[in-house]
Structure formats: structure tokens, C-alpha cells
Amino acid sequence: GQTRGQIRAVIEKQLEAFSRDEGGAAYAVASPMIQRLFGNPANFMAMVRAGYPQVYRHRRAEFGALRELNGELVQLVTFTGLDVHKVLAIYSMVKDNTGSWRINGCRLLQKGELGA
């Protein structure tokens, strides 16, 4: 539906920003909580490069189910890294005070966890 499309667009916008190293654009779609946590785009990008290599640079991103988990919407995305290793990313999504979807966190699971 509409929500699914909006959420996918936000995540794709961030992935596009990562691919171009546009820290400001990537940081802009993070939730206010995440922005407070990291303080600025440079800190945010350093964390992504170190902790999420397959998200930062990947061969493919396959969008899976959009689920409700503990009252929060989560989008599943399977990333194939440059090393062809697959990880499952679980994006937590929240609406900001303007009603726009923002990324409120991302957890990576290796294949095999969560029955992946």
C-alpha cells in the first residue's frame, strides 16, 4: 500500500545517499532520536561505514516484508554485500512531527538468525 511505498522510498533515499557519500542527505532521513544520538552527519556516516558495511556498499538490496513489531513498523531488507555475503537488515520506522517516515534504527542479522 501507500505506507509501504513511502517507507521504501525513504530507505532507498538513504541508500542512494550512502552510495554517493552524501552524509547530510543520509542523516536527514534518520529520526530525530538518531540525529540526537550522533549529533552530526560525519559521526553518523562513520558509524555506518564501521558497523554496516553491507548497507553502506552493496551489490543488491531486496525489500521484503513490512511488519509490525512491538507496535512499530519494521521493514526487512536483504543486502548482498560486495563480498557476496548476505545480511538481513531490520529497519525500524517512525513518523516525525510532520508525518514523514524516518529511519529510527537498523539491526543486521546474519543469515540463519530470525529463521532467515
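The values are calculated or read from the model by the stated rules, or taken from the named source; none is laboratory data. Please read all numbers here as calculations on a predicted model, not as lab measurements. Virtual Cβ from ideal backbone geometry, glycine too; neighbours counted across all protein chains shown. Heavy atoms of the whole protein, side chains included, go into the accessibility calculation; ligands, DNA and RNA do not. Shrake-Rupley method; radii C 1.70, N 1.55, O 1.52, S 1.80 Å.
The figures follow:
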item	result
Where trypsin sites (Lys or Arg not before Pro) fall in DSSP loop in the stretch 1-72, at most 11 other Cβ within 10 Å	Arg20
Spherically averaged projected area in nm², based on the convex hull that wraps the Cα atoms of the chain	7.2
Dipole magnitude of the chain, debye to nearest 20 (Cβ charges: Lys/Arg +1, Asp/Glu -1, about Cα centre)	100
Neighbourhood net charge (13 Å Cβ-Cβ; Lys/Arg +1, Asp/Glu -1) for Arg49	0
Computed [θ] at 222 nm, deg cm²/dmol, the chain (DSSP H ≥ 4; -39,500 (n - 2.57); rounded to nearest 500)	-11500 deg cm²/dmol
Surface share of carbon and sulfur [accessible, 1.4 angstrom probe, percent] for the chain	49
Under the Karplus curve 6.51 cos²θ - 1.76 cosθ + 1.60, θ = phi - 60°, whole-Hz ³J(HN,Hα) for the stretch 46-58, x wherever Gly or Pro sits	4, 5, 5, 4, 6, x, 9, x, 6, 7, 4, 9, 8
Relative contact order [Cα under 8 Å, 6+ residues apart], the chain, whole percent	22
Selection from Met45, Phe18, Phe63 lying farthest towards where the dipole of the stretch 1-69 points positive, charges on Cβ	Phe63
Total formal charge among the other residues, if their Cβ is under 11 angstrom from that of Met33, Lys/Arg +1 and Asp/Glu -1	+1
